[in-house]
1. Across the stretch 195-211, which residue is farthest from residue 42 (Cα to Cα) among those that are touching a residue at least 12 places away in the same chain (Cβ under 8 Å) and either touching a helix residue (DSSP H, G or I) at 6+ places or on another chain (Cβ under 7 Å) or part of a helix (DSSP H, G or I) (or both)?
2. Answer yes if at least one residue in the stretch 247-265 is without any contact (Cβ under 8 Å) to a residue 12 or more places away in the chain and in a helix (DSSP H, G or I), and no otherwise.
3. Among the listed residues 158, 194, 173, identify the single one that is at pLDDT 95 or above, crowded, with 19+ Cβ neighbours inside 10 Å and over 25 Å from residue 29 (Cβ atoms).
4. For the stretch 174-194, which positions are under 22 Å from residue 160 (Cβ atoms) and in a loop (DSSP other than H, G, I, E, B)?
5. Exactly one of these conditions fails for residue 271: (1) within 22 Å of residue 167 (Cβ to Cβ); (2) without any contact (Cβ under 8 Å) to a residue 12 or more places away in the chain. Give me its number.
6. What single numbered condition from (1) surrounded by 15 or more Cβ atoms within 10 Å (Cβ to Cβ); (2) touching a strand residue (DSSP E or B) at 6+ places or on another chain (Cβ under 7 Å) fails to hold for residue 44?
7. So which residues in the stretch 218-236 are in a strand (DSSP E or B) and closer than 27 Å to residue 144 by Cα?
8. Test residue 86 against the criterion of being more than 23 Å from the chain's Cα centre (by Cα) and either not in a loop (DSSP other than H, G, I, E, B) or not assigned by TED's automatic domain parsing to the domain that holds residue 221 (or both), and give yes or no.
């Protein structure tokens, strides 16, 4: 038997496509609730989820002088809504349409006496089917979702170590529901060229704010490899960055403008955490060196 926390689970991207697409829409619904209920934070840091001991959580959302939090419990597979006055609502995460999940979530909020309104269509996907009429996405495999969460837990440990090594401005390690990626971002302290936008079904102002400063971003997402990938990129990308030597198995993808290290390469390595951390260290250092970032004391 493997000791707790040492295994890196396998989950092929193609195998869980239907469940992933459904979960993605559910996460967007709840993520938008956090977004509209929270004060704005630079680079959209107020919209993200964090990992918890049971799944993914919004953390505290200020409501009516109190606090709401919403958690995807991926052990018992339930959506749990809690308020600081003791209120609690929950329902099972099981095969259901996005429209049904949307209705159940807002019904639960209503029973808690909370009124929040979101733009009821998804972002960063094509087509963007309005949540209330999305009968297409309706698959939920608990084992696949649990395996994805376990992948995120392994990635979270690597990204937290990477973030701790940087003394300048850096984001938390957090999960973005737009693209389903877990990420942390370093900042040079200088403004960046205005981002051109162009992300499907996402206002350009979102990208303009997100990339308002020079950055080096590192993360994990369920794409880029047979089982997902660690990634690293810089904005703006400095000259020579794409030629940075990286560990075996990693490569630069010119279409994405990112370095990728397939998750399956990491999983099969003798020391998965060390390989992932080396990849992210090397690419982050190259972004700072080639971009001539100011020294951070």
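The values are calculated or read from the model by the stated rules, or taken from the named source; none is laboratory data. What you are looking at is a predicted structure, and each value in this text was computed from that prediction instead of being measured. We place every Cβ from the backbone using ideal geometry, glycine too, and count neighbours over all the protein chains shown.
1. That would be 199.
2. No - not one qualifying residue is present in the stretch 247-265.
3. Among 158, 194, 173, only 158 is at pLDDT 95 or above, crowded, with 19+ Cβ neighbours inside 10 Å and over 25 Å from residue 29 (Cβ atoms).
4. Result: 177, 178, 179, 180.
5. (1)
6. (2)
7. To start, the set of residues in the stretch 218-236 that are in a strand (DSSP E or B) comprises 218-221, 226, 228-235.
Of everything in the stretch 218-236, those that are in a strand (DSSP E or B) and closer than 27 Å to residue 144 by Cα turn out to be 218, 219, 220, 221, 226, 228, 229, 230, 231, 232.
8. The answer is yes for residue 86.
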